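The values are calculated or read from the model by the stated rules, or taken from the named source; none is laboratory data. As the structure is a prediction and not an experimental result, all values here were calculated from the model. In this analysis, Cβ positions are derived from the backbone assuming ideal geometry, glycine residues included, and neighbour counts consider all displayed protein chains.
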Amino acid sequence: MRPPAMKTTLRYLLLACGWIALAFGTVGIFLPILPTTPFVLLAAACFLRSSERLHRRLLEHPVLGPPVRNYLAGRGLTRRTKFVAIAMLWASVLGSAFFCVPSLTLDLLLIAIAAAVTRYLLRLPTNDVPSGGTVHEEEDA
């Protein structure tokens with residue numbers, strides 16, 4: 001349930017961001033250069049704060065749900081997901097810094113943010129279970 005003080009405008013903004021992120025994540029399934037999981041995680045975060053129903057539907061989705069559930073359960077991201085996310089992050093940041101942003105200060109800020117995000121991604125647990133699977137604790141016999 002969303003907080004009662006949340007303004008309608010913010011809720012609609014989060015819904016729009018969630019749908020846009022989910023669209024990019026869905027395109028990423030078919031385009032290997034676009035990372036799927038980070039966009040789906042962003043969509044889940046947006047839906048968590050704007051629509052309980054959409055958040056639940058995303059978590060229960062047979063294809064998009066397992067990576068989100070693994071992340072939320074603390075099992076992290078797959079090695080491939082980390083690699084693609086970091087590669088795309090640096091490609092876009094360096095491309096922006098060298099070709100789009102005329103200010104050295106903003107370039108350095110972009111690079112600092114990318115370094116912080118890279119550190120965060122590398123510190124997440126690595127889940128090497130095949131796609132769609134979950135990690136189970138071993139049972140004592």
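Looking only at residues of the stretch 74-100 that are over 21 Å from I29 (Cα atoms), surrounded by fewer than 15 Cβ atoms within 10 Å (Cβ to Cβ) and among the hydrophobic types (A, V, I, L, M, F, W, C), we find that the one that is nearest to the chain's Cα centre (by Cα) is L94. So, T8, is that one in contact with a Pro (Cβ under 8 Å, 6 or more places away or on another chain) and either more than 21 Å from L122 (Cα to Cα) or of a type in the set (S, T, Y) (or both) or not? Against the criterion (in contact with a Pro (Cβ under 8 Å, 6 or more places away or on another chain) and either more than 21 Å from L122 (Cα to Cα) or of a type in the set (S, T, Y) (or both)), T8 does not qualify.
Return a yes/no flag: does the stretch 102-121 have any residue that is closer than 30 Å to K7 by Cα, of a type outside the set (V, I, T) and surrounded by 18 or more Cβ atoms within 10 Å (Cβ to Cβ). No; the residues of the stretch 102-121 include none that is closer than 30 Å to K7 by Cα, of a type outside the set (V, I, T) and surrounded by 18 or more Cβ atoms within 10 Å (Cβ to Cβ).
Kindly check whether there is at least one residue in the stretch 62-73 that is of a type in the set (V, I, T), more than 30 Å from L108 (Cβ to Cβ) and more than 11 Å from the chain's Cα centre (by Cα). The answer is yes; a qualifying residue exists. Exactly one residue out of R49, R53, R57 is surrounded by 15 or more Cβ atoms within 10 Å (Cβ to Cβ) and basic (K, R), and it is R49.
Residue-wise test of (1) closer than 19 Å to A114 by Cα; (2) modelled with pLDDT under 90; (3) assigned by TED's automatic domain parsing to the domain that holds T105; (4) in a helix (DSSP H, G or I).
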site: C17; (1), (2), (3), (4): no, no, no, yes
site: P32; (1), (2), (3), (4): no, yes, no, no
site: A43; (1), (2), (3), (4): no, no, no, yes
site: C46; (1), (2), (3), (4): no, no, no, yes
site: R49; (1), (2), (3), (4): no, no, no, yes
site: F83; (1), (2), (3), (4): yes, no, yes, yes
site: L94; (1), (2), (3), (4): yes, no, yes, yes
